[in-house]
Amino acid sequence: QVRLVESGGGLVQPGGALRLSCGASGSNLRINDMGWYRQAPGKQRELVALTTKDGTTTYADAVKGRFTIARVNLSNMVYLGMNTVRPEDTAVYYCNAEGWEGIPGSPFTSWGQGTQVTVSS
């Protein structure tokens, strides 16, 4: 079973910066897409940023120019650099990965446990 573990959340002041990390573990992983989603209280979970295996990235309009997603394929890690954060960025951030596990391989989609990001002065 594929496991995702996030770290790096916390309290940050408006205008500040934070970096989230997520590592995937499992047997014979071939990961296609890795991404970050967030869910604020009373709202639906939404895509923040996504990266494909070849490095193509997609960002939500609300974070373009402020957040950066980066991926290290060899270590199955994905990062989210958050700059110039705003109170509306406050949410639980979830890591997501999808691909194939094992030999010959079974498809998977996995989520991390979530990490809280609070933007407040």
(request) Give the residue from Gly42, Asn32, Ala60 lying farthest towards the positive end of the charge dipole for the range 15-60; charges sit on Cβ (+1 for Lys and Arg, -1 for Asp and Glu) and the dipole is referred to the Cα centre. (result) Gly42
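Once you charge only the Cβ atoms, +1 for Lys and Arg and -1 for Asp and Glu, what is the size of the charge dipole of the range 28-96 about its Cα centre, to the nearest 20 debye?
Details: 9 positive and 6 negative charges, 15 e Å.
Its charge dipole is roughly 80 debye.
Based on the Cβ-Cβ distance from Ser27 to Ala70, what FRET efficiency comes out when R0 is 30 Å, to the nearest 0.05?
0.75
For the range 1-99, what is one quarter of the convex hull surface built on the Cα atoms, given in nm²? Could you put the intermediate results ahead of the total?
Working: hull surface 25.1 nm².
The number I arrive at for the range 1-99 is 6.3 nm².
Quick note: the coordinates plus some simple rules give every number you see, no bench work behind them. Computed from a predicted model, the values in this text were never measured in an experiment. Here Cβ is always computed from backbone atoms with ideal geometry, including for glycine, and neighbour counts include all displayed protein chains.
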